[in-house]
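Quick notes on the structure that follows.
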Amino acid sequence: MQRQQQQPASYDLLAVFPDEDKAGTASDKLKKAGFKDEEIHQLPAGMVGSGQFREHGPNQARGDIFLQTQRSRPNPAIIVLFAILCCLIVTGLTFAATFALPHLPEPTTLLVGAAVGLVLGVILGSLRRGRVRGAIGQETKTPPPPSPRQLEGKLNVIALRFDDPENISRNSRARAILLNNQGRIDRSVSRQE
């Protein structure tokens, strides 16, 4: 591992890792794959590249569909049941009130009590919360990205400068090793002669 300071545009490939250990593992795997020490440079974060990353692998937003939740709509049978029960209860209370207050007109008071009970029952039945659908057990636990202060001085960037930049298979093999070890390829780095 060399710690050379070169111009940012002088590297062919750059990957940023979440920590120094993963960068070291990727560097070792690159050496086992036949890359020379002169081609592999382990650098501190922020030294090169402008942080233009592309997400690799399956679409990361796909999992959001499985994490969506919604409440089911109120059951119409429950609304009708609440309306009938509240109608009966309020009508019974108004009937009992006619004995306590004999000057109330009996049929009108019972009809008003029944209407109030019906409306109250519909409102209570509609406000009853349905069960939650979705959220099938996954939890999103995304660790916060490390702050620049935490990464300061850590060698968590692998920069590659190939002897033969035109060798596509070698470039692809290096890219695959970096990605498989949780590296994020910085697209802002390219070699300019």
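Once phi is turned into ³J(HN,Hα) by the Karplus curve 6.51 cos²θ - 1.76 cosθ + 1.60 with θ = phi - 60°, what whole-Hz value does each residue of the range 82-97 show in order, with x for glycine and proline?
For the range 82-97, the Karplus-derived couplings read 4, 4, 5, 4, 5, 4, 5, 5, 5, 5, x, 5, 5, 5, 5, 5 Hz, x marking Gly and Pro.
Going by amide H atoms built from the backbone, whose H comes under 5 Å of the H on Phe162, apart from near neighbours?
Those qualifying (amide H under 5 Å, at least 5 residues apart or on another chain) are Asp12.
Just to check I understand the Karplus step: with θ = phi - 60° and J = 6.51 cos²θ - 1.76 cosθ + 1.60, what whole-Hz values come out for the range 100-111, glycine and proline as x?
Rounded to whole hertz, the list is 6, 10, x, 7, 6, x, 5, x, 5, 5, 5, 5.
In nm, what is the difference between 0.36 nm times the number of residues separating Asp21 and Val112 and their Cα-Cα distance?
Details: separation 91, 0.36 × 91 = 32.76 nm, distance 7.69 nm.
Here the segment from Asp21 to Val112 would lengthen by 25.1 nm.
Could you give the length gained on full extension between Ser10 and Asp28, defined as 0.36 nm per residue of separation minus the Cα-Cα distance, in nm?
4.3 nm
So what J values fall out for the range 72-77 if you push phi through Karplus, 6.51 cos²θ - 1.76 cosθ + 1.60 with θ = phi - 60°, rounded to Hz, Gly and Pro as x?
Couplings: 6, 5, x, 6, x, 5 Hz.
Given a Förster radius of 45 Å and the C-beta distance between Gln68 and His103 as r, what FRET efficiency does 1/(1 + (r/R0)^6) yield to the nearest 0.05?
In this case the efficiency is close to 0.20.
Bear in mind that the values in this text are calculations on the coordinates, not laboratory data. All figures in this text were calculated on a predicted structure; none of them were measured in a lab. Cβ atoms come from the backbone with ideal geometry, glycine included; neighbour counts cover every protein chain shown.
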